[in-house]
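*Asks:* Sharing a structure with you now.
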Amino acid sequence: MSTEIESRYAVGPNEVKGYDTQQLRDEFLVEKLMQENKVYWLYTHYERFMVGSAVPTSTPLTLETVDNLKAANFLAGRELGVINVGGSGTVTADGQQFELGYKDALYLGKDTNDVVFKSDDSNHPAKFYLNSAPAHHKYPNKLVTRDDANVLHLGALETSNERDINQMLINTVVQTCQLQMGLTELKPGSVWNTMPAHQHDRRNEVYFYFELPKQQAVCHFMGEPSETRHLWVHNEQAVVSPPWSIHSGAGTQNYSFIWGMAGENLDYDDMDKYQPSELR
């Protein structure tokens, strides 16, 4: 079967206080992304957010519905965000073909029926990173290239967090119901991806780490600001952040990551920030 799906229920901060390392990894780390010739999904019960991937090699891959959705079509009540982190490829949506180069993004709206993922070169396949959230309205499908992104230059080398935040699928660039996605690139010599750390109680967030060499890793911090925990994350893995949790990481070298979130507010700056001196 070309589609695989897992499901995880939501847990609260009190439960997490008693988790050991393996329990934390089982609940929040996504380790099975980017499997060749497969569409993989993790269905979470945080905002009904789904995180997944599609890596077509020898044959194209179809976006199939899954039993969790109880729907005849995957996008019958959902919207989908796609960012390509591999070789060039195409996504065909209801007959319209979108060409995605490295780090290009695509928004597909509710009621898009037929979606097919294809690589231009099976020896250097596209790696489509996928986020999906429930949608109440159909907005137009739209390709968003790197040149179309709204770029924020933040941080400094002196604080080890000089970075470019490419806002791609957000409401100032493309209309969405609640899904927002973007791509952050750390400059050489910088390792902190989000500092000061923050949380936003009205939406979840997922971080997908990539451009991380095999022997390097990111230490991802989560939990309540007053009681943090950590997860060691490797290339092309993701971490699910509940609304009550901070989400920040420091790598053993610079890297890139994709952030995706959904909830009741599309305001990018809707967050509560915590200075390093406030964290415990």
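The values are calculated or read from the model by the stated rules, or taken from the named source; none is laboratory data. These figures come from a predicted structure and were not determined experimentally. Here Cβ is always computed from backbone atoms with ideal geometry, including for glycine, and neighbour counts include all displayed protein chains. Each accessible area value is taken on the protein alone, full model and side chains, heavy atoms only, with ligands, DNA and RNA left out. Shrake-Rupley method; radii C 1.70, N 1.55, O 1.52, S 1.80 Å.
*Asks:* Given the conditions (1) over 13 Å from A250 (Cβ atoms); (2) part of a loop (DSSP other than H, G, I, E, B); (3) touching a helix residue (DSSP H, G or I) at 6+ places or on another chain (Cβ under 9 Å), report the number of the one that N166 does not fulfil.
*Replies:* The single condition N166 does not satisfy is (2).
*Asks:* Got a sec? Which of F208, F221 is closer than 30 Å to G86 by Cα, of a type in the set (F, W, Y) and open to solvent by less than 30 Å² (accessible area, probe 1.4 Å)?
*Replies:* F208
*Asks:* Here's something else I'd like to know. Contact list please: Cβ distance under 6 Å, first residue in region 247-272 and touching a residue at least 12 places away in the same chain (Cβ under 8 Å), second residue among the charged types (D, E, K, R) and surrounded by fewer than 20 Cβ atoms within 10 Å (Cβ to Cβ), pairs at least six apart or on different chains.
*Replies:* From region 247-272, the pairs are Y255/E211; S256/E185; S256/E211; G263/R202; E264/R202; N265/R202.
*Asks:* Still on this model: Scan region 16-32 and tell me whether some residue there is surrounded by 22 or more Cβ atoms within 10 Å (Cβ to Cβ) and in contact (Cβ under 8 Å) with a residue 24 or more places away in the chain.
*Replies:* Yes, the conditions are met somewhere in region 16-32.
*Asks:* So, one more: If you take the residues of region 134-179 that are surrounded by 14 or more Cβ atoms within 10 Å (Cβ to Cβ) and of a type in the set (D, E), which of them is nearest to L75 (Cα to Cα)?
*Replies:* It comes out as D148.
*Asks:* If you go through region 92-133 one residue at a time, how many are assigned to a strand (DSSP E or B), under 25 Å from E36 (Cβ atoms) and open to solvent by 20 Å² or more (accessible area, probe 1.4 Å)?
*Replies:* Counting residues in region 92-133 that are assigned to a strand (DSSP E or B), under 25 Å from E36 (Cβ atoms) and open to solvent by 20 Å² or more (accessible area, probe 1.4 Å) gives 5.
*Asks:* So L183 ticks every box in (1) over 20 Å from Y274 (Cβ atoms); (2) touching a Leu at 6+ places or on another chain (Cβ under 6 Å) but one. Which box is left unticked?
*Replies:* In the conditions (1) over 20 Å from Y274 (Cβ atoms); (2) touching a Leu at 6+ places or on another chain (Cβ under 6 Å), L183 misses (2) alone.
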